[in-house]
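Enquirer: Below is one structure. I have some questions about it.
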Amino acid sequence: MKSLFTQVSDWFDTKVEGTSRSIAHHAGRRSFLSKAGAAMVGGFVLPMLPYDSSNGAAFARGFGEPEVLPDDCDYWRYCSLHGGLCSECGGTVTQCPPGSTPSKVAWVGTCRNPNDDKDYLVSYNDCCGKGSCASEGCSRQEGDMPGYRLGLASESSWCMANTDKGIHCTVAIVVGLAE
């Protein structure tokens, strides 16, 4: 009499053999190898495909808009901005200049992109740690609230949570689509 393990092993071998023979009868080795090769190549190529992790910020630039964003206060992304443009102070629209750090707290505005007629949430972060920039600055403040509504007021000192409290300039970062 066979042991239980031997019986299970024989049953499993029989099932695997039957399945293998059935596959071999319907599909040749070349077909199997081509499908297996395609699966392997796909497994290697899939992680290399581009992935938009910006939550729609790539589309916020709009079609046909230049990569280098304008240094004009009328630019749609600056609809609630109050401060100097970092792009005029050695930084970019989204990055603080060297020697300054982004504020740990920020205010958020909802701005309409005229290129695609969609509303986007834009985070305005003051860049702290350096003296004031020579930029004239922008003060559009569309939808701004009084100073006692701290999260919605653009004229507050947003460097209050940083160790270096001096405000240098302001960046405007598209967070995502407004819903």
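The values are calculated or read from the model by the stated rules, or taken from the named source; none is laboratory data. Computed from a predicted model, the values in this text were never measured in an experiment. Here the Cβ positions follow ideal geometry from the backbone for every residue, glycine too, while neighbour counts run over all protein chains shown.
Enquirer: For segment 95-113, how many residues meet the condition of being β-branched (Val, Ile, Thr) and assigned to a loop (DSSP other than H, G, I, E, B)?
Expert: Of the residues in that region, 1 qualify.
Enquirer: Please enumerate the residues belonging to segment 1-12 that are at pLDDT below 90 and part of a helix (DSSP H, G or I).
Expert: Leu4, Phe5, Thr6, Gln7, Val8, Ser9, Asp10
Enquirer: Can you say whether Val16 is farther than 18 Å from Ser123 by Cβ, among the β-branched types (Val, Ile, Thr), modelled with pLDDT of 75 or more and assigned to a helix (DSSP H, G or I), as far as the supplied structure shows?
Expert: Answer is yes for this residue.
Yes/no matrix, rows are residues, columns are (1) part of a loop (DSSP other than H, G, I, E, B); (2) surrounded by fewer than 23 Cβ atoms within 10 Å (Cβ to Cβ); (3) not assigned by TED's automatic domain parsing to the domain that holds Thr170:
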{"residue": "Arg77", "(1), (2), (3)": "no, yes, no"}
{"residue": "Gly90", "(1), (2), (3)": "yes, yes, no"}
{"residue": "Val93", "(1), (2), (3)": "yes, yes, no"}
{"residue": "Asn115", "(1), (2), (3)": "yes, yes, no"}
{"residue": "Leu121", "(1), (2), (3)": "no, yes, no"}
{"residue": "Cys127", "(1), (2), (3)": "no, no, no"}
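Enquirer: Also: Somewhere in segment 48-69, is a residue over 24 Å from Met160 (Cβ atoms), surrounded by fewer than 15 Cβ atoms within 10 Å (Cβ to Cβ) and at pLDDT 75 or above?
Expert: Looking through segment 48-69, none of the residues is over 24 Å from Met160 (Cβ atoms), surrounded by fewer than 15 Cβ atoms within 10 Å (Cβ to Cβ) and at pLDDT 75 or above.
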